[in-house]
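The values are calculated or read from the model by the stated rules, or taken from the named source; none is laboratory data. Fair warning: this is a prediction, and the values are worked out from it, not measured in the lab. Cβ atoms come from the backbone with ideal geometry, glycine included; neighbour counts cover every protein chain shown. Heads up: the accessible areas ignore ligands, DNA and RNA and are worked out on the full protein's heavy atoms, side chains in. Shrake-Rupley method; radii C 1.70, N 1.55, O 1.52, S 1.80 Å.
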Amino acid sequence: MVIVALIFSFSSAPMHYFDLIAEHPDFIVINKYPDVNFHDESSLGNGLFNQVQKALNDNTLFPVHRLDKMTSGLVLIAKNKESAQNFQQMFEKHLIQKFYLAIAKGKPKKKQGLVKGDMEKARRGSWKLMRTQHNPAITQFFSYGIGNSMRLYLLKPHSGKTHQLRVALNSLSVTILGDERYGGATADRGYLHAYALQFDWKGELQSFVIPPNQGQFFTSDVTQSTLKTISMPWQINWPKIGGTKA
């Protein structure tokens, strides 16, 4: 089963927060809007998770992973403690496939491949990629030309490091559009989107895909046309990593 349609939309003026994509007895899947922090930034309770609880009138939800403030897209939230523990273990064991989209300007060092290296804290909350590989961040990618020196990137992380995808593209000298922390060009939003999730839940394969619906470059005709060719990213022939299936 692949879920691609929006079900409900929730907002709180003046800021919009999320769309509810799917609801299961054990979890919900939402589409987070860009420029929304996952946790509260003030006493107003304006963080994404708090807003989800308020909109659904449910204080028994459990966050099991998060997205950066600038990043939009799919977020999985558990509906009970047992499910939360199971999901956390699945994320730790990389049993949940995650796929992201990004747009960056410029010609990359390579159009597809692998970015791998340890990550180290830099200045002012930023991170940098190292040449060492003791506990590396691992990211596979394909890229597609979408005109005007822009490229659309399909990213598959095999680890869950802070700012991993942002640092990976920066290391290729193609910083994500709108990601000013890492030197990206100014834009109407940060162009990183959690595009798809796939995992086995109690013997049933769960697949979710949500194309980005905000941002002039994400919603352009050429980008949307390209997305139709990668609408099921788990079916792409991802190269093996270190002798194991990607």
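Some notes on this structure:
- Computed in the context of the full set of protein chains, the accessible area of the chain at 1.4 Å probe radius has 48% of its extent on carbon or sulfur.
- Degrees between helix 81-92 axis and first principal axis of the chain (Cα, 0 to 90, nearest 10): 10
- The chain - share of DSSP beta bridges that are antiparallel (%, nearest 5): 95
- Accessible solvent surface per residue of segment 41-131, calculated while the other protein chains remain in place, 1.4 angstrom probe, Å²: 58
- Counted charge near ALA137, where neighbours are those whose Cβ lies closer than 10 Å (Asp, Glu -1; Lys, Arg +1): +1
- Shape category assigned to segment 28-99 from the gyration tensor of Cα positions, a/c cut at 1.5: oblate
- LYS121-THR162 pseudo-label distance in nm [points 7 Å out on the Cα-to-Cβ vector]: 0.6
- The residues of segment 164-209 have, on average, 33 Å² of accessible surface per residue, using a 1.4 Å probe with all protein chains present.
- Over 30 Å (Cα to Cα) - which of LYS79/LYS121; LYS32/LYS161; LYS105/LYS240 fall in this group: LYS79/LYS121
- Global geometry of segment 97-246, whether rounded, prolate or oblate, following the gyration tensor of its Cα atoms and the 1.5 cut on a/c: oblate
- Segment 146-188: C-alpha gyration tensor shape, a/c 1.5 cut-off, then a/b vs b/c: oblate
- Within the same chain, aspartates and glutamates fewer than 8 places from LYS128 are excluded, and of the rest, those with a Cα less than 17 Å from its Cα are ASP68, ASP118, GLU120, ASP179, GLU180.
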